[in-house]
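Enquirer: Structure in structure tokens, see below.
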């Protein structure tokens, strides 16, 4: 069989053939490297403008005073903590089902950033809770389910770290990540399902926003900026993981950043 | 900041500790994460170069 007809058969067997080529760590490593600066630059720009709008344009809240301005970092961090978890579980599951090792590496690359944003959501939440509720922490449904999210991230990372065989670790991590996904809707809807001290959702798809438009703008800009940052830093970590796992292979040894320059004699 | 002084701005109507305690920890965490990822890359590349 000649190569072209073999390619045609392969294209039939795998839809989105053009996409599959990026499932190869070798192909994606340089692509990720090119994306990182754009992600980080747009993150910086969006967060700077978002914080400017949040701190210099948005008015003081008539109920919470200036304490509400924590929202500009708290809500973006909390959204990302949930979003990253879903994306992480998606890649972990994909790597398990399709046996694409790059997908599993992406899941590993996302976990520390997701854990960090979960920690930040809890930290900024505590600093917001103290002046408005009078307590750093309460065991209400929103806060408790978010703490469970942090433990899920830590469990995922610990499981990966404890498993010597990387592909076995990937599979075990995928099971944990996918089971843990049930926690995400619990966090999101906890403020509706239970009577919580935590205020309701800041943004609803059904109703007109209850917050001022400049407050909303600042929060959305910061959220987009955090999002861009998370993508950028996860891609950087993905490149590290690729180098760690594929360090023995010829293509890594041939990379310009790895190959030792021969001094001219 | 709507025509107030910098001192008033940093005071955040008495909530300065909470507001800046949130913003600063977010910025420090992000900087630390970036530093960690970059230094990890340096370590890996140094190791890979030593192998070749």
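The values are calculated or read from the model by the stated rules, or taken from the named source; none is laboratory data. Only a predicted model underlies this, so the values are computations on that prediction, with no experimental measurement involved. Positions of Cβ are generated from backbone atoms using ideal geometry, with glycine treated the same way; all protein chains shown enter the neighbour counts.
Enquirer: Can you pull out every residue in the stretch B:13-52 that is in contact with a strand residue (DSSP E or B) (Cβ under 8 Å, 6 or more places away or on another chain) and crowded, with 16+ Cβ neighbours inside 10 Å? So that I can check it myself, show each step before the final result.
Expert: Filtering the stretch B:13-52 for residues in contact with a strand residue (DSSP E or B) (Cβ under 8 Å, 6 or more places away or on another chain) gives B:13-15.
The answer is B:13, B:15.
Enquirer: If you take the residues of the stretch A:157-176 that are over 21 Å from residue A:116 (Cα atoms) and exposed (fewer than 13 other Cβ atoms within 10 Å of the Cβ), which of them is nearest to the chain's Cα centre (by Cα)?
Expert: Here the answer is A:168.
Enquirer: For the stretch A:186-196, which positions are buried (at least 17 other Cβ atoms within 10 Å of the Cβ) and in contact (Cβ under 8 Å) with a residue 60 or more places away in the chain?
Expert: A:187
Enquirer: Something else now. Would it be correct to say that residue A:115 is surrounded by fewer than 24 Cβ atoms within 10 Å (Cβ to Cβ), more than 9 Å from chain B (Cβ to nearest Cβ) and assigned to a loop (DSSP other than H, G, I, E, B)?
Expert: Details: surrounded by fewer than 24 Cβ atoms within 10 Å (Cβ to Cβ): yes; more than 9 Å from chain B (Cβ to nearest Cβ): yes; assigned to a loop (DSSP other than H, G, I, E, B): no.
Considered against the rule, which asks whether it is surrounded by fewer than 24 Cβ atoms within 10 Å (Cβ to Cβ), more than 9 Å from chain B (Cβ to nearest Cβ) and assigned to a loop (DSSP other than H, G, I, E, B), residue A:115 comes out as no.
Enquirer: From A:132, A:124, grab the single residue that is touching a helix residue (DSSP H, G or I) at 6+ places or on another chain (Cβ under 9 Å), closer than 19 Å to residue A:83 by Cβ and crowded, with 17+ Cβ neighbours inside 10 Å. Can you show your working first?
Expert: Working: A:132 fails: closer than 19 Å to residue A:83 by Cβ.
Going through A:132, A:124 in turn, just one is touching a helix residue (DSSP H, G or I) at 6+ places or on another chain (Cβ under 9 Å), closer than 19 Å to residue A:83 by Cβ and crowded, with 17+ Cβ neighbours inside 10 Å: A:124.
Enquirer: May I pose another question? Only one of (1) in a helix (DSSP H, G or I); (2) more than 7 Å from every other protein chain (Cβ to nearest Cβ); (3) more than 21 Å from residue A:118 (Cβ to Cβ) fails for residue B:31. Which number is that?
Expert: The one condition residue B:31 does not meet is (3).
Enquirer: A further question follows. For the subset of the stretch A:39-75 comprising residues that are within 25 Å of the chain's Cα centre (by Cα) and surrounded by fewer than 18 Cβ atoms within 10 Å (Cβ to Cβ), which member is farthest from residue A:233 (Cα to Cα)?
Expert: My answer is A:52.
Enquirer: Now, a different point. If only one of A:184, A:191 is modelled with pLDDT under 85, in a helix (DSSP H, G or I), farther than 26 Å from residue B:34 by Cα and in contact with a helix residue (DSSP H, G or I) (Cβ under 6 Å, 6 or more places away or on another chain), which one is it? Steps first, answer last, please.
Expert: Working: A:184 fails: modelled with pLDDT under 85.
One residue alone meets the criteria, A:191.
Enquirer: Right, another one. Could we say that residue A:81 is within 14 Å of chain B (Cβ to nearest Cβ) and either at pLDDT 95 or above or within 21 Å of residue A:27 (Cβ to Cβ) (or both) here?
Expert: Details: within 14 Å of chain B (Cβ to nearest Cβ): yes; either at pLDDT 95 or above or within 21 Å of residue A:27 (Cβ to Cβ) (or both): yes.
Spelling it out, residue A:81 is indeed within 14 Å of chain B (Cβ to nearest Cβ) and either at pLDDT 95 or above or within 21 Å of residue A:27 (Cβ to Cβ) (or both).
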